[in-house]
1. Yes or no: region 233-244 includes at least one residue that is of a type in the set (Lys, Arg) and either in a helix (DSSP H, G or I) or loosely packed, with under 13 Cβ neighbours inside 10 Å (or both).
2. Do we find a residue being touching a Cys at 6+ places or on another chain (Cβ under 8 Å) and polar (S, T, N, Q) anywhere in region 95-111?
3. Is it the case that region 70-80 has a residue that's touching a Ser or Thr at 6+ places or on another chain (Cβ under 8 Å) and among the basic types (Lys, Arg)?
4. So, in region 148-165, exactly how many residues are modelled with pLDDT of 85 or more, in a helix (DSSP H, G or I) and aliphatic (A, V, I, L, M)?
5. Scan region 94-122 for residues that are under 20 Å from Leu249 (Cα atoms) and in a strand (DSSP E or B) and report the count.
6. Output the residues belonging to region 269-292 that are buried (at least 18 other Cβ atoms within 10 Å of the Cβ) and closer than 17 Å to Cys29 by Cα.
7. Tell me, which residue of region 20-73 that is polar (S, T, N, Q) and either surrounded by fewer than 16 Cβ atoms within 10 Å (Cβ to Cβ) or modelled with pLDDT under 95 (or both) is farthest from Glu98 (Cα to Cα)?
Amino acid sequence: MAMTGQLLDEVIFDVVNESEAQVEALLGCDLLYYFGELRTFHIAYVRSAVEKMAARADKRDVIGICLTTPGGQAEAVEKMVEIVRYHYNQVYFIVTREAMSAGTIFCMSGDRIFMDYSSSLGPIDPQVPDREQKVLVPALGYLDKIAELIDKSQTDTISPAEFAILQAQDLAMIRFYEQARELSINLLKQWLTRYKFKDWTHHRTTNPGELVTDAEKERRAEEIASLLSDNKHWHSHGRMIGMGTLRNLMRLDIDDFGEDPKKRNAIRRYSDTLSDYLVRHQTQFYIYNRNI
């Protein structure tokens with residue numbers, strides 16, 4: 001049975017490696033698969049993988065990151081972006097399933113984002129470690145509830161139980177949550193303006209043909225960051241935001257890999273084969289490229 005399992009793994013990774021090479025050729029990039037949370041203790045793994053890929057003689061100028069993540073820490077994403085950008089001039093993100101919260105921030109640092117109708121990004125509700133540093137908890141819902149209790153206290157409509165809850169809050173933790181929110185918004189605005197909007201030089205709908213100014217890029221980035229961080233608009237930390245909403249509501253330029261059958265088949269074969277394999281083995285975190 002052990003040999004049967006080993007042979008099955010070999011067959012699976014033969015499919016993965018073949019598909020990876022196809023995706024790289026179709027998109028013109030080196031491909032890195034990232035599965036799991038975006039945590040600070042994963043930074044070293046990203047550095048090691050990217051350095052090995054960048055050291056190859058046939059290295060391309062572009063890296064494509066096939067990302068599946070429930071989210072993570074904005075601080076980890078910031079460092080990962082620095083690492084990837086140090087070695088590659090352009091960065092593509094390929095989202096076949098979901099890249100939520102910090103994963104959405106990560107994607108906004110890319111030059112291009114590839115999705116299809118079934119892919120999802122999410123609100124940028126920052127996730128922060130709990131008191132025991134074991135699990136990540138969303139911060140915006142917490143801050144919204146504190147703001148609600150403060151409003152009630154100012155209008156004398158707060159109940160004794162709610163007042164006791166408010167009194168028990170750790171001010172340092174509240175400020176930590178606020179800083180996480182501010183960092184998430186600032187990173188998204190900075191990266192959209194610097195990378196995603198760098199080729200947005202002329203208006204296509206409003207005042208077609210007119211030059212796009214830096215101020216207009218910054219204003220658009222501000223609008224997108226504000227909407228993605230608006231907990232009251234999305235109502236849920238886990239809300240899945242599809243390609244249509246990103247294009248129509250936020251006016252983000254998203255590449256639909258589903259429009260090209262060759263790209264769709266190669267990307268899904270690659271991502272689905274690896275993702276299903278990792279889920280079956282209950283793997284929480286995994287980085288892959290056939291050359292590392």
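The values are calculated or read from the model by the stated rules, or taken from the named source; none is laboratory data. Please read these numbers as outputs of a predicted model, since none were measured by experiment. Cβ sites come from the backbone with ideal geometry, for glycine too, and all protein chains shown count toward neighbours.
1. no
2. The first filter runs over region 95-111 and keeps only residues touching a Cys at 6+ places or on another chain (Cβ under 8 Å), leaving 95-96, 99.
Now narrow it down to the ones that are polar (S, T, N, Q): 96.
Yes, some residue in region 95-111 is touching a Cys at 6+ places or on another chain (Cβ under 8 Å) and polar (S, T, N, Q).
3. Looking for residues that are touching a Ser or Thr at 6+ places or on another chain (Cβ under 8 Å) and among the basic types (Lys, Arg), one finds at least one in region 70-80, hence yes.
4. 4
5. 8
6. Matches in region 269-292: Tyr270, Ser271, Tyr288, Asn289.
7. Ser48
For every residue, the table says whether it meets (1) aliphatic (A, V, I, L, M); (2) assigned to a strand (DSSP E or B); (3) within 21 Å of Ala266 (Cβ to Cβ); (4) in contact (Cβ under 8 Å) with a residue 40 or more places away in the chain.
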| residue | (1), (2), (3), (4) |
| --- | --- |
| Ala44 | yes, no, no, no |
| Arg47 | no, no, no, no |
| Asp58 | no, no, yes, no |
| Ile65 | yes, yes, yes, yes |
| Ala76 | yes, no, no, no |
